[in-house]
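For reference, the structure discussed in these notes is given below.
The values are calculated or read from the model by the stated rules, or taken from the named source; none is laboratory data. Since this is a predicted model, take the numbers as computed values, not measurements. Cβ placement follows ideal geometry from the backbone for every residue including glycine, while neighbour counts extend to all protein chains displayed. Areas reflect the complete protein model, heavy atoms only, side chains present, ligands, DNA and RNA absent. Shrake-Rupley method; radii C 1.70, N 1.55, O 1.52, S 1.80 Å.
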Amino acid sequence: MNKKSVQIKKVVPAYETGPDDRMHCHWLMNHMQEAATLHADTLGIGVNDLAKSGQMWVLTSMRIGIEELPRREEEFELTTWSRGVKRLRAFREFSGCDANGRERIRASSEWMVLDEATRKPIVINPDFNFYAQDKCVFQNAMKRLRPGTPEKEIRTLTVGYSSLDANGHVNNAEYLRWSFDGLRPMGLDQNEIKSIRIAFLSEVFEGNIIKLMSCNCSDDGFELIGFNETENRAAFALKIE
């Protein structure tokens, strides 16, 4: 078995696409998380493995480059591999190709391990073998997105149970879904998106009230913050170009 990487190949189903026949970006993120989970399981450092020690993986940052979103009923292959670890952070890359093998999606991500009881980051076990590859999909290193200054409220929502994942907090892909729905009236067209950067700043739970706030964006595109009014802290920051 190849432990250096994992490939997921599928035909894009209709329920993952919109009226434009293209995969919704939140579904794309779901598939990246699925691939990452599968690879970690293969390496013996997956969700169930860490749970035995009262630990859990969390995604903290992601940068996605989009050439073209996968199309309904067409084949899509997603490959992921580890780029190694630096104390508290683990680095993972993704490459998505169409049926002709042309790369259409690329992404870099950072992950942490939390103590389930304290919900605080811990140093990643140096004995873990990630079969890391020194191969990055972007030429320049990913920089963590810093929250901008909120200017205008876009929408407010109360977190429902269906937004939660196995860790009991909101699934990362939900933040994209909420944000894209909120930004559409402001002119967002996902087929024009070339870059997505998102930073996950704090956990969000069922019943929390989240306010999406747009920020002043110096570049062409959109920038927003998801603010957790229940906990009085920022939950995530997002920049779309």
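Structure above, values below:
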| read-out | value |
| --- | --- |
| Residues of segment 1-68: accessible area per residue with a 1.4 Å probe, Å² | 46 Å² |
| 5 angstrom amide H check on Phe130, placed H, neighbours 5+ away | none |
| P(r) weight above 14 Å for segment 111-200, C-alpha pairs, percent | 80 percent |
| Cα pair distances in the chain, grouped into 5 Å bins until the bin that holds the longest one, percent each | 1, 6, 13, 18, 19, 18, 14, 8, 3, 0, 0 |
| Sparse-neighbourhood loop sites, chymotrypsin sites (Phe, Trp or Tyr not before Pro) in segment 85-164 - DSSP loop, at most 13 other Cβ within 10 angstrom | Phe138 |
| With every protein chain in place, the chain: carbon and sulfur % of accessible area (1.4 Å) | 45 percent |
| In sequence order, calculated HN-Hα J values of segment 198-208 (Karplus, 6.51, -1.76, 1.60; Hz; x Gly/Pro) | 9, 10, 9, 9, 7, 6, 10, 10, 4, x, 5 |
| Placed amide H near Glu116: partners under 5 Å, 5+ positions off or other chain | Gln55, Met56 |
| Segment 81-153: radius of gyration and largest Cα-Cα distance (Dmax), Å | 16.1, 47 |
| Table column - 3J(HN,Hα) (Hz), segment 55-60, Karplus curve with 6.51, -1.76, 1.60, x for Gly and Pro | 10, 8, 7, 9, 7, 10 |
| Counted charge near Val47, where neighbours are those whose Cβ lies closer than 13 Å (Asp, Glu -1; Lys, Arg +1) | -4 |
| Cleavage-rule hits, GluC sites (Glu not before Pro), segment 1-99, DSSP coil, Cβ neighbours within 10 Å at most 15 | Glu67, Glu68, Glu73, Glu74 |
| Rule-of-thumb Rg ratio for segment 1-90 [Cα; 2.2 N^0.38 Å; N residues] | 1.23 |
| Local net charge near Glu174, Cβ-Cβ under 12 Å (Lys/Arg +1, Asp/Glu -1) | -2 |
| Residue of Asn30, Asn100, Asn129 that the Gaussian network model of the chain assigns the largest fluctuation, springs spanning Cα pairs under 10 Å | Asn100 |
| The chain: most fluctuating residue of Met32, Met186, Met62 per GNM, C-alpha cutoff 10 Å | Met186 |
| Distance between segment 71-90 and segment 192-240 - C-alpha centres, whole angstrom | 23 Å |
| Average Cα contact separation per residue, segment 1-64, under 8 Å, 6 or more apart, as relative contact order % | 24 percent |
| Inter-label distance, nm, simple model (7 Å from Cα along the C-beta direction), Ala14/Ala117 | 5.1 nm |
| Set of aspartates and glutamates with alpha-carbon distance to Lys135 below 17 Å, sequence-local pairs under 8 removed | Glu93, Glu103, Glu110 |
| Karplus-derived 3J(HN,Hα), 6.51/-1.76/1.60, for each residue of segment 154-165, Hz, glycine and proline x | 9, 6, 10, 9, 9, 5, x, 4, 5, 8, 7, 10 |
